[in-house]
1. Take the residues in the range A:614-626 that are more than 22 Å from A:R232 (Cβ to Cβ) and touching a Ser or Thr at 6+ places or on another chain (Cβ under 9 Å); name whichever of them is surrounded by the most Cβ atoms within 10 Å (Cβ to Cβ).
2. Test A:V70 against the stated conditions and say whether it is within 14 Å of chain B (Cβ to nearest Cβ), surrounded by 15 or more Cβ atoms within 10 Å (Cβ to Cβ) and of a type in the set (V, I, T).
3. In the range A:404-438, how many are out of contact with any Phe, Trp or Tyr (no Cβ under 7 Å at 6 or more places or on another chain), free of Cβ contacts under 8 Å to residues at least 40 places away in the same chain and part of a loop (DSSP other than H, G, I, E, B)?
4. Which numbered condition in (1) under 20 Å from B:K19 (Cα atoms); (2) assigned to a helix (DSSP H, G or I) is the only one that B:R96 fails?
5. What's the number of the only condition in (1) more than 14 Å from chain B (Cβ to nearest Cβ); (2) over 30 Å from the mean Cα position of the chain (by Cα); (3) open to solvent by 20 Å² or more (accessible area, probe 1.4 Å); (4) at pLDDT 95 or above that A:R169 fails to meet?
6. Would you confirm, using the coordinates I've provided, whether B:A93 is closer than 22 Å to A:A125 by Cα and either at pLDDT 95 or above or buried (at least 18 other Cβ atoms within 10 Å of the Cβ) (or both)?
7. Can you say whether A:A565 is in contact with a helix residue (DSSP H, G or I) (Cβ under 9 Å, 6 or more places away or on another chain) and assigned to a helix (DSSP H, G or I), as far as the supplied structure shows?
8. Name the residue, out of A:P551, A:P581, that is in contact with a Lys or Arg (Cβ under 6 Å, 6 or more places away or on another chain) and either in a helix (DSSP H, G or I) or open to solvent by 10 Å² or more (accessible area, probe 1.4 Å) (or both).
Amino acid sequence: MNPAGARIGVYVCHCGTNIAATVNVYALTEYAATLAGVVIAREYKYMCSDPGQDLLQQDIREYGLNRLVVAACSPHLHENTFRKAAEEAGLNPFLFHMVNVREHDSWVHTSREAATEKAKDLVRAAVHRVFLNRPLERRQVPIHPAVLVVGGGIAGIHAALTLAAAGKRVYLVEREPTIGGHMARFDKTFPTLDCAACILTPKMTAVKSYPNITLWTYSEVVAVEGFVGQYRVTVRRKPRYVIEDLCVGCLECVEACVFKQPKFADEFNQGLSKRKPIYLPFPQAVPQVVVIDPETCIEFKSGKCKKTCVEACGDRQAIDFTQKEQIETTEVGAIILATGFQTVHPRRIPYYGYGVYPNVYTALEVERLINASGPTGGELRLRDGRKPRSVGIIHCVGSRDEHTNRWCSRVCCMYSLKLAHLIKEKTGAEVYNFYIDMRTPGKAFEEFYNRVAEEGVRLVRGKVADVFPGEDNGTLILRVEDTLLCQVRKIPVDMVVLATGLEPKADAEEVRRLFNISCSAGGFFLERHPKLAPVATFTDGIFLAGCCQGPKDIPDSVAQAGAAAAEAMALLDAGSMELEPNTAYVIEEACSGCKTCVGLCPFNAVVFHAHKRKAVVEEVLCKGCGTCVAACPSGAMRQNLFEDEQIFEEVNALLCGR
Amino acid sequence: MSETSPSSAESANSAFEPKIVAFFCNWCTYLAADLAGTSRLRYAPNIRVVRVMCSGRVDPQFVLDAFAQGADGVLIGGCHPGDCHYQEGNYKALRRFHLLRRTLEQLGVEPERFRLEWISAAEADRLRTVVNEMVEQVRARGPFRPKAAPQFQEVTA
């Protein structure tokens, strides 16, 4: 099928034994050498290694190769490696085609014979296709020197600060009225027991002090358009009914509110305390700007409030009941998603009695209860005010369970041990930890576990089956099979703490669609490669940090945020990026001007030229999906790198010999 | 013109290995197949993947051509509705699929031989299930032999 002039080199990679164990690489190479147009066919242990690439480059020079085929791993892994190698040897990188004989062949099949046959088909198809490849030039796009960070938890804060320290313009968008995220609610952090607020709040105030960070709290991203280097982002800023620039955070308005006592559930304290309709989420909130909750404020409900808050604010005039939501738009070159997680709702595990028995708490509630700035001033008290004499902490609530989430949430063992230590320290209570497996992999984690065990915390290996009330008032009984004693035990306690696991936020799916990225099976955002590109996504210019990518602790979230910031910075500092040249183009003579393609393009990249009466592709806007190409009735619309002829040739060659 | 009896077709099929051409989109189904590889899931070796950027790129002619060249089945894999990397290419693929499937049926291509499946990058297991299922169904149908065009028959009294 290949016309004269083809000088094709075929390279078969063993990938150690990854490919060679299942595919007969020698037979494959011999077969490739017999194909029309193939000048040289070789096998090599590791094609992606330097000697492997040298081999290919030498052959390009020595044999005057004008096309290359490499049968190795997935093109998602090494396509660029070989394109670069070809380019260095003077061959246009798009005169190369990669054959996936690892992920799609040797790793998924057991029969050596069938796998080798499949590899032969795929190599034959590639050899036929590659001859029709044409030299192409990559497109350059400029990178707008600003980054959007979505989510103001510790990951988002750290990413924003890292970028700001490098002098980059950063937009930090947070949904809540303050930044801080989950970490702001924690008491102490494992394994060093430093207080969460002490290490977090300096970073929070630093966000505010950087002139190149624009902080939009109480705001959400509602639209994202464009592509790497030029994302146009629309942010909806919810009205807080307080003018941010005028409020000084003196809290006189809160004091003056017509509600003399706080009356409404305080979200920051998990509803364990009360707040007023005008409030500051917590003392160290950033920004130090109060917010009015229109659901509970009398002025919003009846319009007949005395507005003592406005009076107290006086000349500052920061309170504005007529405030409307604002829409901000901005352009950024890269985006970091740090949208975090939510904890599993304990009512999903009904047999632990959360919401039924008053003294069953979630771990996050206990974090607030033992926190000095929490609702009880750091005194651990039951709902009736008693001090608990015994506490049972149940691990893996909503984790490692087919009925809820199958994954290990990674942090619960450690935070449960931390809570055990803190509860014992504060109350002297007898503390039981019920665990399936104790998972303490991390720097100084195992040591912390040993310390807690030595402190006399009772560690029971077994999954609690049931929580039910005891005979005497207020006691709860945990029924558990102690798998080390091989007996079923009933342990009475005053307080039960549920170590709820981490899961994707309820709206992770919508967020994912907004930013056009993918999710893993559990619903966390999908990274580009689990090992080698853990903060990148399949959408260029969008990076991940923190628990939106999967459960992780604070050190890992911070490390990942730093990595995401570095990746974004690399993009920004390069100033421009090369895009795949797989855009659509029109053969004008063939275009009948039917406009079929125009309506198909979701990016408005195809326009109808009124004067010429032909379709025209705006190359900058084209993302290269090829939908218009497939629809063109006259074959006038074409796609670089995915030409009709190339695909026909590939299909035909796959099937020839049938 | 004798029809092959079902029993003899079955015995002929036992040694028959169907060949299925699969058009997988770069962002979802191709990645699901990559993940199946890294996860070492085992599935039938009968599919041959052609990578396209989007399921919307699959021109009905590619499918017709594949059958004309002797494919026993054609599988198109794309992102789930709403998940397309290019926003809505998969909807265009779906639109074409329904029309094409009807056309193919009229040409004698049984529906089992032509499938469109939404398989996300995380659904390696689903990829395995779909491929294995399709290979078995096509195997049961036997090799694809295009039906001769129906003969015009004069109606006589």
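1. Looking only at the range A:614-626, we keep the residues that are more than 22 Å from A:R232 (Cβ to Cβ), and these are A:614-616, A:626.
Of the ones still in play, those that are also touching a Ser or Thr at 6+ places or on another chain (Cβ under 9 Å) are A:614-615.
Details: A:K614: 18, A:A615: 25.
Among residues in the range A:614-626 that are more than 22 Å from A:R232 (Cβ to Cβ) and touching a Ser or Thr at 6+ places or on another chain (Cβ under 9 Å), the one surrounded by the most Cβ atoms within 10 Å (Cβ to Cβ) is A:A615.
2. For A:V70, the condition - within 14 Å of chain B (Cβ to nearest Cβ), surrounded by 15 or more Cβ atoms within 10 Å (Cβ to Cβ) and of a type in the set (V, I, T) - is not met.
3. To start, the set of residues in the range A:404-438 that are out of contact with any Phe, Trp or Tyr (no Cβ under 7 Å at 6 or more places or on another chain) comprises A:404-412, A:416, A:419-437.
Now restrict to residues that are free of Cβ contacts under 8 Å to residues at least 40 places away in the same chain: A:420, A:424-425, A:428, A:437.
With part of a loop (DSSP other than H, G, I, E, B) added as a condition, the list becomes A:428, A:437.
The number of residues fulfilling the criteria is 2.
4. B:R96 satisfies all of (1) under 20 Å from B:K19 (Cα atoms); (2) assigned to a helix (DSSP H, G or I) except (1).
5. (2)
6. Details: closer than 22 Å to A:A125 by Cα: no; either at pLDDT 95 or above or buried (at least 18 other Cβ atoms within 10 Å of the Cβ) (or both): yes.
In short, no.
7. On the way: in contact with a helix residue (DSSP H, G or I) (Cβ under 9 Å, 6 or more places away or on another chain): yes; assigned to a helix (DSSP H, G or I): yes.
So A:A565 fits the description; yes.
8. Working: A:P581 fails: either in a helix (DSSP H, G or I) or open to solvent by 10 Å² or more (accessible area, probe 1.4 Å) (or both).
It is A:P551.
The values are calculated or read from the model by the stated rules, or taken from the named source; none is laboratory data. Remember, predicted model here, so these are calculated numbers, not experimental data. Cβ coordinates were reconstructed from backbone atoms using ideal geometry, including for glycine residues, and neighbour counts include every protein chain displayed. These area figures cover heavy atoms from the full protein model, side chains too; ligands, DNA and RNA do not enter into them. Shrake-Rupley method; radii C 1.70, N 1.55, O 1.52, S 1.80 Å.
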